[in-house]
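The values are calculated or read from the model by the stated rules, or taken from the named source; none is laboratory data. Note that the structure is a prediction, hence the values are computed from the model and not measured. Cβ placement follows ideal geometry from the backbone for every residue including glycine, while neighbour counts extend to all protein chains displayed. These accessible areas exclude ligands, DNA and RNA; they are computed on the full protein's heavy atoms, side chains included. Shrake-Rupley method; radii C 1.70, N 1.55, O 1.52, S 1.80 Å.
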Amino acid sequence: MSLGRTAPSPRTLIRAWMVAAVLAASLFLAACSGTSHYQPDPAALQDFHGCSATAPFPADEGGQSQVPDKHGSVPEGLHPYRAVQCTWDPVHNVIREDHLDGDITDLLAALAEPSERGGEGVCNLRLEMTPELWLVNTVGEAANVQWPTDHCGKAKPGVSAALDALSIMQTAETPVARLAP
């Protein structure tokens, strides 16, 4: 008669892992409970010269970024008349610049919505690339505005819906310079 230990059954191991996973998820959600809202700092007013400045990974020959991070919420006093959406096409390695026209009242309202931090719920790991968005006034000053985000860091749908309601008046594509390895 042997008094040695036997290995746990696969069923016991699975149950133990499930209990551990539920406990870990509960602790994570408890730590993340409570949503807070915030508005990013206002975007810096800049002269708008096109989307090439917002190309992904813009860098000089030494690999240093050429464009400082100046995006944020819509600055007070900016009275935009149009929006410019900059979308990176990784397949063709170009930045598509869409100049949008129409009533931007709904867009401004969607951009004024606060972003969220924390909160309850499970977040997926889906990669999301929101286009760069510029608001341009009649004298050529522009602000690179930030999309409001939910508690998972994903763009809230209001901005996208407001952009879809605008008309594309002009489109341009700019090749993106590849970085040296």
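Restricting region 150-171 to residues that are among the β-branched types (Val, Ile, Thr) and open to solvent by 30 Å² or more (accessible area, probe 1.4 Å), which is modelled with the highest pLDDT? Step by step, filter region 150-171, then rank; the result is ILE168. Count of region 72-86 residues, restricted to those that are among the hydroxyl-bearing types (Ser, Thr, Tyr) and surrounded by 17 or more Cβ atoms within 10 Å (Cβ to Cβ), is 1. The conditions of being open to solvent by less than 80 Å² (accessible area, probe 1.4 Å), modelled with pLDDT of 90 or more, farther than 19 Å from PRO40 by Cβ and of a type in the set (A, V, I, L, M, F, W, C) are met by LEU100. No other residue among THR138, THR130, THR174 is surrounded by fewer than 19 Cβ atoms within 10 Å (Cβ to Cβ), more than 26 Å from THR35 (Cβ to Cβ), among the polar types (S, T, N, Q) and at pLDDT below 90 apart from THR174.
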